[in-house]
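*Asks:* One structure coming up, written as structure tokens, with questions to follow.
Just so it is clear, none of the values below were taken in a lab; they were calculated from the coordinates. All figures in this text were calculated on a predicted structure; none of them were measured in a lab. Cβ atoms come from the backbone with ideal geometry, glycine included; neighbour counts cover every protein chain shown.
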Amino acid sequence: MDKLNLDQHISRQFNEDLEEIKTSMLEMGGLVEMQVGDAIRALEDADSRLAERVIEVESRIDEMEMDIDETCTTLIARRQPAASDLRLVTAVSKTIRDLERIGDEAQKIAKMAIKLSEEGEAPRGYTEVRHIGNCVRKMLNDSLDAFSRFDAEAAIATMKEDRQVDMDYKSALREMITYMMEDPRSISRSMNILWALRSLERVGDHAKNICEHIVYLVQGRDIRHRGPDA
């Protein structure tokens with residue numbers, strides 16, 4: 001397992017500041033994980049109350065992103081970190097943006113859940129939502145766990161799972177479109193499921209991004225657009 005050796009500083013406060021931004025980011029990640037899980041459950045159960053709670057949590061996630069980002073900016077300005085310290089601050093700053101966007105996708109799924117509770121259940125797609133939802137939730141959990149342990153190998157293994165998510169999404173998309181062509185009356189409700197599936201696929205993309213940030217943090221390699229084997 002790759003290890004990151006953060007510099008130890010004369011200033012205890014600097015060490016505490018670095019640990020604080022990491023802890024705050026992981027706390028935000030835990031809230032986002034819960035939001036995604038609740039959004040999926042609200043969609044499956046047509047639970048509009050749970051969906052409304054998911055939407056309400058989004059404002060808290062936005063606040064956390066702004067607070068952590070401000071702390072990162074202040075830390076760079078005051079401490080001028082170098083080497084691994086700077087990579088940690090940068091990785092946290094990038095990760096919270098992806099977490100906030102995952103929160104946005106959870107909010108979109110919750111809105112689809114509300115529409116389905118009003119219009120009636122869709123005839124197809126719930127099995128696919130459950131399957132892809134479980135996959136991307138695992139990716140998100142594993143990416144945050146890899147960040148907490150500074151484990152680049154685990155991050156690389158997790159980001160490779162996105163390929164299967166993309167394949168499953170495309171397969172579900174084809175099946176849903178075929179069904180809508182056969183039964184045009186189902187189009188409105190089926191589109192809500194399609195948008196939810198699209199959001200779940202995007203959650204997987206953002207989890208993959210987090211893994212890329214971890215590799216950069218631990219190994220100093222920028223593997224965006226090149227893949228983990230670059």
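*Asks:* When Lys108, Lys170 are ordered from fewest to most other Cβ atoms inside 10 Å of their Cβ, what list results? List each step's numbers first, then the result.
*Replies:* Working: Lys108 19, Lys170 11.
Result, fewest neighbours first: Lys170, Lys108.
*Asks:* Rank the residues Ser199, Ser84, Ser190 as a footprinting-exposure proxy: fewest other Cβ atoms within 10 Å of their Cβ go first.
*Replies:* If I rank by nearby Cβ atoms, fewest first, I get Ser84, Ser190, Ser199.
*Asks:* Using the Cα centre as the reference, give the magnitude of the dipole from point charges on the C-beta atoms of segment 12-219 (Lys, Arg: +1; Asp, Glu: -1; all else neutral), rounded to the nearest 20 debye.
*Replies:* It comes to approximately 440 debye.
*Asks:* A further question on this structure: Under the 0.36 nm per residue contour assumption, what length would be gained going from the current alpha-carbon distance of Arg130 and Ile187 to full extension?
*Replies:* Details: separation 57, 0.36 × 57 = 20.52 nm, distance 2.02 nm.
In short, 18.5 nm is gained.
*Asks:* Now a separate question. Ranked highest first by the average count of other Cβ atoms within 10 Å around their residues, in what order do 68-80, 42-54 fall?
*Replies:* 42-54, 68-80
*Asks:* Can you find, among Ala157, Ser84, Ala46, the residue farthest towards the positive end of the dipole of the chain? Put +1 on the C-beta of Lys and Arg, -1 on that of Asp and Glu.
*Replies:* Ala157
*Asks:* Rounded to a whole number, what is D in µm²/s for segment 12-219 from Stokes-Einstein with the Kirkwood radius over alpha-carbon pairs (20 °C, 1.002 mPa s)?
*Replies:* Value of D from the Cα-based Kirkwood radius: 121 µm²/s.
*Asks:* Tell me which of Pro184, Phe14, Met34 sits at the most positive position along the dipole axis of the chain, charges placed on C-beta atoms (Lys, Arg +1; Asp, Glu -1).
*Replies:* Final value for the positive-end residue is Pro184.
*Asks:* Of the options Trp195, Ala172, Thr95, report the single residue whose Cα projects farthest towards the positive end of the charge dipole of segment 12-219 (beta-carbon charges: Lys, Arg +1; Asp, Glu -1).
*Replies:* Ala172
*Asks:* Let me ask something else. If I require 24 Å or longer along the helix axis, counting alpha carbons, and a Kyte-Doolittle average no lower than 0.0, what helices from the chain are left? Use full DSSP H segments.
*Replies:* 187-219
*Asks:* Another one. At a Cα cut-off below 23 Å, give the lysines reachable from Lys138, other chains included and same-chain residues fewer than 8 away excluded.
*Replies:* Cross-link targets: Lys3, Lys22, Lys94, Lys108, Lys111, Lys160, Lys170, Lys208.
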